[in-house]
Amino acid sequence: MKILVTVKEVSTVEDEFEIEGTSIAEQYLGADLNEWDDYAVEEAVQIQEAGIADEVVTVTIGPEDCEQTIRQALAKGADRAIRVWDDSLEGVDVLDVGAKTEILRAVVEAEDPDLVLTGVQSGDDSWGATGVSLAEELGFEWAAVVNHLEHDFEDDRAAVRRELEGGVEELTEVELPAALTIQTGINEPRYASLRGIRQAQRKELDVQTLADLGVDESTIEGDVTLTEMYEPESETDATVWEGSAEETASELGELLREKGVAP
Amino acid sequence: MTDVLAVADHRRGELRDVSYEVITAGRQLADDTGGDLHVAVISGTVDKFGEKLNREGVDAVHTVDHGEEFNHDVYTQVLTQLYDDLAPQYVLAPNSVNGLDYAPAVANALDLPIVTDTVGLETDGETLVATREMYGGKVEVTTELEGTAVATIRGAEWSGAEGTGDASIEAFDAEIDEDAVGSTVTGFEEVGGGDVDISEADVLVSVGRGIEEEENLEIIHELADALDATVSSSRPIVDSGWLPKNRQVGQSGKVVTPDVYIAIGISGAVQHVAGMKGSDTIVAINTDPNAPIMDIADYAIHDDLFDVVPALTEEFGG
Ligand SMILES: Cc1cc2nc3c(=O)[nH]c(=O)nc-3n(C[C@H](O)[C@H](O)[C@H](O)COP(=O)(O)OP(=O)(O)OC[C@H]3O[C@@H](n4cnc5c(N)ncnc54)[C@H](O)[C@@H]3O)c2cc1C
Ligand SMILES: Nc1ncnc2c1ncn2[C@@H]1O[C@H](COP(=O)(O)O)[C@@H](O)[C@H]1O
């Protein structure tokens, strides 16, 4: 069995930041492996360690800068990585779900995996839609928001639990090949070992352009345009207690006594 | 004219609240251009659901009697057929866990763009202007889509539609290709039970990722002991296995309404807020004055939890 994991480098934002036009000014941004994808990588690596999968490949749409993040996934046990980038992607300010679907489809078709694992959502732009859209495009089965996966894949099916709202889980079986969107908490992602980090440097990281994949440039322009970005207005005016920790703690202590809820 | 097709959400025999919210959002969009609002309800006791969905502003309810529970393959097939039949400009779905399991597939099958988790929608008949959040709620953005589109709406952003409408309620004759149904729901399970019920507590000392390490939870337990309060948490603490599932507040955990909710090192992501915004008094302790939790807090301390929490414990002789 072969598993393809989609891995995104997400932008993180500092507490204090400024907006320039329709984006956050570069100096306030950091980068990280998407939290949900970290769980997806771990799940794939565990399936491989159990002797069920023989190869785990990651795929990332992103510029050269994100190779450090991709190497994190390799250090945790993925076998090799594919990074898709193209000059034409440079100026795109929202890569929408449709565009990501087109690009990832070409990679999945070339790799021909039995299972695709994506995250439930990317932590920065939170579409929460790429995995299911990709599955439909490929003619794969799918399941969204998976927080448990049986590793036996009996009868070429994946038995999963989907985490619904309010502490209810749905037990579902999907036929392979399938794409599953992985929810946090499904496992405990490992830290990369020093040995893993060293090995990751030698693992194959293959860079592909849209032309290499046979994806038409016009598809990536997408249908969604970003026209404005702003800080949301605060809905309530909280009373802000200021001063030393002792002072603010005593204000809070007084409130609790006033409410009659503290001893 | 812009017609809108809104899709209802139900589970285990009950319509979920967001079904009425998607009607409100759909009616507003249809009003923007004088179109009709169609509502689809698929699987379950659809006749009963159909009556209930006939709220003010609904022009037609289309029921599809097929199976008891949600199945994304069935939903995708039905909605693409309904779309071909009705030719609406917009398809609106809830941004629920099930919405995320079919809306992207419907959009892709119909070759339509999708915009998810919207908190505001407007149209002039040509351009859909959708407002959504990015970076965990730190910023809001406006996005524009031309022509037809699929959008999902965030729960509790629109009020639920009320009253009774004069919609036609019609059974839609969908053709389900059973061979293309490759997923089977085999059951449901309730999780997060156990000895502690955080929804019963008067005071919750609730901890988030700001606590950094499992060992540091000690100061949270000490505070809860000193206050005679109960400890709850945001999701990452439970995901890490530092507290059991029955302590998790939020969309996929418990809904709580204590007298006082003390959010310590919790940013206030929408899925967390869904579980605690009904608390009487909300206190937030967070180093980030711009954290989204501040929008719903009644009292705030913009400071380091590692200073404030021990100081508060000391206040109460802990
Ligand atoms: C389908 C789905 C369902 C979900 N269900 C839930 C749910 O039920 N419940 C839930 O909680 N989440 C849920 N989530 C996750 C949610 O989106 C957030 O990821 C999560 O709530 C973030 O938890 P947090 O606030 O503890 O962490 P973060 O967002 O990382 O916030 C940590 C906060 O701590 C502050 N901080 C850091 N250091 C300090 C310090 N020393 N002193 C004071 N403050 C400090 C930071 O400023 C920050 O605001 C769900 C997500 C999805 C996609
Ligand atoms: N640029 C990208 N490169 C690789 N995978 C991605 C990218 N964007 C999204 N994904 C995958 O799709 C999942 C859902 O993302 P989204 O639909 O953007 O919220 C993520 O968790 C990733 O696994």
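Got a sec? Which residues of the stretch A:139-163 lose 10 Å² or more of accessible surface with every protein chain in place, vs. that chain alone, 1.4 Å probe? Those are A:Glu141, A:Trp142, A:Ala144, A:Val145, A:Arg157, A:Arg161, A:Arg162, A:Glu163, which lose 10 Å² or more relative to the chain on its own. Note on the stretch B:177-242 and the stretch B:97-142: Cα centroid distance 29 Å, given to the nearest whole angstrom. Could you compute how fast the protein assembly as shown diffuses translationally, taking Rh as the Kirkwood radius over C-alpha pairs and applying Stokes-Einstein at 10 °C with viscosity 1.306 mPa s? Give it in µm² per second. Calculated translational D: 64 µm²/s. By the gyration tensor of its Cα atoms, with a ≥ b ≥ c the square roots of the eigenvalues, what is the shape of the stretch B:28-86: rounded for a/c under 1.5, prolate for a/b over b/c, or oblate? It comes out oblate by the Cα gyration axes.
Here A:Lys259 is the anchor, and the lysines within straight C-alpha reach of less than 25 Å, apart from those fewer than 8 places off in the same chain, are B:Lys254, B:Lys277.
Per q in 0.09 Å⁻¹, report the Debye log10 I(q)/I(0) for the stretch B:4-180, using one uniform scatterer on each alpha carbon and no solvent. With one equal scatterer per Cα and no solvent, log10 I(q)/I(0) is -0.27. Per-residue surface analysis assigns B:Met294 an accessible area of about 20 Å², computed on protein heavy atoms at 1.4 Å probe radius.
What a 1.4 Å probe finds exposed on the protein assembly as shown is 40% carbon and sulfur by accessible area, rounded to a whole percent. Total buried accessible area between A and B, probe 1.4 Å, nearest 100: 7100 Å². Rounded to 0.05, the FRET efficiency of the A:Thr209 and A:Ile19 pair, given R0 = 35 Å and the Cβ-Cβ distance, is 0.65. Going by Cα centres, the stretch B:253-270 and the stretch A:205-247 are how many Å apart? With the stretch B:253-270 and the stretch A:205-247 each reduced to a Cα centre, they are spaced 25 Å.
Mean separation of Cα pairs under 8 Å and 6 or more residues apart, divided by the residue count, gives the stretch B:4-180 a relative contact order of 30 percent. When only Cα pairs below 8 angstrom with a gap of at least 6 residues are kept, chain B shows a relative contact order of 15 percent. Extent along the principal axes, Cα only, for the stretch A:43-148: 42, 30, 27 Å, with the longest axis given first.
If you take the Cα centroid of the stretch A:150-164 and the Cα centroid of the stretch A:65-139, the two points sit 22 Å apart.
A Cα-only calculation for the stretch A:2-221 places Rg and Dmax at 17.0, 53 Å. Using DSSP, restrict attention to beta bridges with both residues in chain B and report what percent are antiparallel, rounded to the nearest 5. Given both bridge residues lie in chain B, the antiparallel proportion sits at roughly 25 percent. Estimated from helices alone, the mean residue ellipticity of the protein assembly as shown at 222 nm is -8000 deg cm²/dmol (sum of -39500 (n - 2.57) over DSSP H runs with n ≥ 4, per residue).
Directionally averaged projected area (chain B, Cα convex hull): 17.4 nm². Between 0 and 90 degrees, rounded to the nearest ten: what's the tilt of helix B:305-315 against the longest Cα principal axis of chain B? Taking Cα atoms only, the helix is inclined about 60 degrees. Applying the criteria of a DSSP loop state and at most 14 other Cβ atoms within 10 Å to the GluC sites (Glu not before Pro) of the stretch A:77-179 yields A:Glu150. Here the relative contact order of chain A, from alpha carbon pairs under 8 Å that lie six or more residues apart, stands at 24 percent. Could you work out how far helix A:245-258 tilts from the main Cα principal axis of chain A, as a 0 to 90 degree angle to the nearest 10? With both axes taken from Cα atoms, the answer is about 80 degrees.
Other protein chain C-beta atoms within 10 Å of residue C-beta, averaged over A:177-185: 3.
The values are calculated or read from the model by the stated rules, or taken from the named source; none is laboratory data. Every value quoted in this text rests on a predicted model; they were computed, and no experiment measured them. Every residue, glycine among them, receives a Cβ derived from its backbone with ideal geometry; neighbour counts consider all protein chains shown. In case anyone asks, the SASA skips ligands and DNA or RNA and just uses the protein heavy atoms, side chains included. Shrake-Rupley method; radii C 1.70, N 1.55, O 1.52, S 1.80 Å.
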